[in-house]
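To keep things clear, I will list the structure first and then write my remarks on it.
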Amino acid sequence: SEQIVPPGGRNGRHRHVREAMFYVIEGHGHEVHDAQTYPWEAGDVVIVHSGCVHAHFSADPAKPARALVINPKPIYMHLNLKEQQPRS
């Protein structure tokens, strides 16, 4: 699937019961994983570990950041483990 972070925006902090990998297609910004900041730009791969509270931030005020999201969600859905837990 595709993750789009709006220009200069972010998505809400959350965590998954599964790991995920993001390939950054365009844009630049950073991630916050369990209070640790990791910068990224187009061409980077970001790994989010299982249970990690994280959020994605776009640094470009004019263009959104786009990433391809790769995760084992279909397997977890089959096992009824599809919970995604929002965090404030």
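The values are calculated or read from the model by the stated rules, or taken from the named source; none is laboratory data. Keep in mind that this is a model prediction, so the values were computed, not measured. So basically every Cβ, Gly included, is an ideal-geometry build from the backbone, and we count neighbours across all protein chains shown. For the accessible areas, the whole protein counts, side chains as well, though only heavy atoms, and no ligand, DNA or RNA atoms are used. Shrake-Rupley method; radii C 1.70, N 1.55, O 1.52, S 1.80 Å.
Things to note:
- Residue under evaluation ILE75, criteria (1) open to solvent by less than 60 Å² (accessible area, probe 1.4 Å); (2) modelled with pLDDT under 95; (3) not in a strand (DSSP E or B), criterion not met: (1)
Yes or no, residue by residue, for (1) outside any strand (DSSP E or B); (2) of a type in the set (Lys, Arg); (3) free of Cβ contacts under 8 Å to residues at least 40 places away in the same chain:
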position	(1), (2), (3)
GLY12	yes, no, no
ARG15	no, yes, no
THR37	no, no, yes
GLY43	yes, no, yes
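Results for (1) closer than 16 Å to LYS63 by Cα; (2) of a type in the set (Asp, Glu); (3) open to solvent by less than 50 Å² (accessible area, probe 1.4 Å), shown as yes or no for each residue.
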position: ILE4; (1), (2), (3): yes, no, no
position: GLY9; (1), (2), (3): yes, no, yes
position: ARG15; (1), (2), (3): no, no, no
position: ARG18; (1), (2), (3): no, no, yes
position: MET21; (1), (2), (3): no, no, no
position: GLY29; (1), (2), (3): yes, no, yes
